[in-house]
Amino acid sequence: MSSYHLDDLQISLNRRGASRYQKVSYPVHYGIYSEIRSAQYTLCYNRNGLITTIQGRNQDWPHPAEWLKRTLGNDWVYYFSGNYSNIFDALGEYYLPCFPYPSNSLWNRNPFAEPEVHKALEYTLDQLPAQVSKRIPGRDLEPELKDFLTAVAGTNRTRLWERSCKLFSILKSRVSVLPPDARHVDYDVLPVIIADGCVYNCGFCSVKTGQAFQARSRRDVQEQIRGLCSLLGPDLKNYNALFLGQHDALNCDPDNIEYAALRAYEAFDFAGSAMRDPSLYLFAGADSFLNCKESFFQRCRQWPYRTFINIGLESTDQNTLDQLKKPVSARKNQEAFQRAQEINERFDTIEITSNFVLDPGLPDNHWSAFQDLTRHSLKHYYPKGTVYLSPLSRTRRKDQMRIFSRLKRLSRRPTYLYLLQRL
Ligand code: SF4
């Protein structure tokens with residue numbers, strides 16, 4: 001690490017943050033990053049000199065342990081501590097992510113309406129780049145400092161937006177939702193799309209594209225990987241998690257899933273990442289999961305990842321599935337849930353998790369069927385096979401929270417809310 005002063009700015013280059021993702025109730029920086037401290041803010045930049053986090057240091061900042069983080073898709077997410085009340089219980093994380101776009105959060109917190117958050121973004125994206133670009137000429141600066149400051153001077157809104165557009169063009173898509181398990185790596189996943197569209201195109205769903213399921217070719221996958229390597233450059237070293245998109249990647253040919261997972265591991269050099277414990281995330285449906293042969297899981301176990309497969313079941317009550325217009329039978333969903341638990345018990349590097357819907361207007365049998373799976377069929381608590389409840393809307397939030405708390409208290413599997421987060 002090297003440290004410099006530039007007038008009122010304290011600059012540290014190539015700092016080493018934590019090398020493993022942690023669940024803690026204070027801000028943590030991961031991997032290798034650089035930092036600028038001004039009187040008002042602490043700003044962190046990735047290895048391409050692009051802003052990643054902003055934390056206020058002044059009295060007007062909403063809370064000393066809260067911060068803003070910019071995602072690969074160029075969304076700002078505000079990390080709200082919730083005064084450490086029931087957030088961990090509900091999400092399995094110490095912070096509530098607040099998004100600048102509509103989601104299904106049950107909290108009524110909009111930090112983006114706060115003047116200080118607005119000011120911090122203006123300082124970072126407008127004022128600081130302009131100030132830094134005026135300070136570079138005529139100074140005798142170390143080459144590494146000059147390179148960093150030149151990148152900071154260019155980190156304005158337009159440049160960041162253009163980079164995210166480049167990402168979407170490499171993927172030929174935007175990731176409309178990430179699996180809930182991506183919370184284990186603070187949603188810092190590299191996305192590679194191996195299939196578009198959806199097998200079911202359920203009536204209730206707000207994240208579907210409406211397209212029929214269509215697997216991508218290996219050539220397409222290879223092009224995306226190459227494009228990501230070139231876009232991320234030196235900052236690839238800060239990643240070790242892969243999302244194989246989109247909504248039902250497990251419906252692809254198992255050989256192609258393996259190809260994408262292993263090719264990405266090698267090309268992104270996850271073995272040489274500054275972060276430890278590589279992980280892989282993908283979505284599945286009941287059919288694609290039940291169609292997976294034992295040999296797939298045997299192969300998956302050999303991969304250099306901890307693998308999380310999230311199945312969107314929504315319910316094991318037929319009336320509820322009909323109401324949701326999800327074209328899968330309750331019996332098939334029950335079968336998928338049982339098979340998931342069997343895989344969870346036998347494969348220590350694989351975790352199959354499942355999603356269910358949460359809404360006070362759903363039939364009573366939805367809740368009793370949920371309890372049959374998560375309580376009555378189990379003798380004791382199981383630490384694997386996390387079950388997520390996804391609020392269908394933001395109405396009657398108190399009722400939703402009350403239902404969730406009751407189900408969680410009775411559940412014998414880890415049970416959390418699923419907030420829809422895009423990339
Ligand atoms: S709920 Fe899942 S399977 Fe159904 S349409 Fe949405 S993404 Fe597709």
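Compared with the dominant principal axis of the Cα atoms in the chain, helix 397-410 is inclined by about 70°.
Sparse packing (at most 13 other Cβ atoms within 10 Å of the Cβ) combined with a DSSP loop state is found for the following trypsin sites (Lys or Arg not before Pro) in segment 266-356: Arg276, Lys293, Lys325.
Determine, from the Cβ-Cβ distance of Ser133 and Val28 and an R0 of 30 Å, the FRET efficiency 1/(1 + (r/R0)^6), rounded to the nearest 0.05. Intermediate values should be presented prior to the final figure.
Details: r = 31 Å, r/R0 = 1.03.
For R0 = 30 Å, the calculated efficiency reads 0.45.
With neighbour counts taken as other beta-carbon atoms within 10 Å, the residues His29, His247, His118, His380 rank, fewest first, as His380, His118, His29, His247. Note on Lys166: aspartates and glutamates with a C-alpha under 15 Å away, same-chain residues under 8 apart excluded, are Asp75, Glu223. Loop-located chymotrypsin sites (Phe, Trp or Tyr not before Pro) across segment 300-349 with a Cβ neighbour count of 16 or fewer within 10 Å are Phe347, with loop assigned by DSSP.
Computed from Cα positions, the angle between helix 218-232 and the longest principal axis of the chain comes to roughly 30 degrees.
By the equivalent-ellipsoid construction on the alpha carbon gyration tensor, segment 172-417 comes out with semi-axes of 31, 19, 17 Å, ordered largest to smallest. Within the shell defined by Cβ-Cβ distances under 10 Å, the residues around Ser19 carry a net charge of +2, with Lys and Arg each +1 and Asp and Glu each -1.
Normalised by residue number, the volume inside the convex hull of the Cα atoms of segment 2-160 is 117 Å³ per residue. Short-range pairs are left out: with C-alpha atoms under 8 Å and at least six residues apart, the relative contact order of the chain is 14 percent.
With K and R counted +1 and D and E -1, the other residues having a Cβ less than 11 Å from that of Thr386 yield a net charge of +1.
Of all beta bridges DSSP finds with both residues in the chain, what is the antiparallel percent, to the nearest 5? Given both bridge residues lie in the chain, the antiparallel proportion sits at roughly 50 percent. Our estimate of slack between Arg218 and Lys398, defined as 0.36 nm per intervening residue step minus the Cα-Cα distance, is 60.1 nm. Separation of segment 168-201 from segment 259-282 is 16 Å, based on Cα centroids.
When only DSSP loop residues count, what trypsin sites (Lys or Arg not before Pro) in segment 171-206 have their Cβ near at most 14 other Cβ atoms within 10 Å?
On the way: sites: Lys172, Arg174, Arg183; in loops: Lys172, Arg174.
The qualifying sites are Lys172.
A protection proxy built from the mean count of other Cβ atoms within 10 Å ranks the segments 38-50, 196-208, 397-409, 233-245, most packed first, as 233-245, 38-50, 196-208, 397-409. For Leu6, the residues whose amide H sits under 5 Å from its own are Ile11, ignoring neighbours fewer than 5 places away on the same chain, with H placed 1.01 Å from N. A dipole drawn for the chain from +1 and -1 charges on Cβ atoms has a positive end, and of Leu125, Ile54, Ile11 the residue lying farthest that way is Ile54. Under 16 Å Cα to Cα from Lys146, which aspartates and glutamates show up? Leave out anything in the same chain fewer than 8 places away. By straight Cα distance, Lys146 reaches Asp7, Glu35.
Dimensions of segment 279-399 along the principal axes, based on C-alpha atoms and rounded to the nearest Å, stand at 44, 29, 28, largest first. Each pair of Cα atoms in segment 79-196 enters the Kirkwood radius, and Stokes-Einstein at 25 °C and 0.890 mPa s then converts it into a translational diffusion coefficient of 138 µm²/s.
Segment 372-423 and segment 336-363 have Cα centres lying 11 Å from one another.
Within straight-line reach of Lys293, meaning a Cα separation under 25 Å, sit the following lysines at least 8 residues removed in sequence or on another chain: Lys326, Lys332, Lys384. Shape analysis of the chain based on the Cα gyration tensor places the equivalent ellipsoid semi-axes at 39, 25, 18 Å, largest first.
Computed from the coordinates by the stated procedures, all read-outs in this text should not be read as laboratory data. Please read these numbers as outputs of a predicted model, since none were measured by experiment. As a convention, Cβ positions derive from the backbone with ideal geometry for all residues, glycine included, and neighbour counts pool all protein chains shown.
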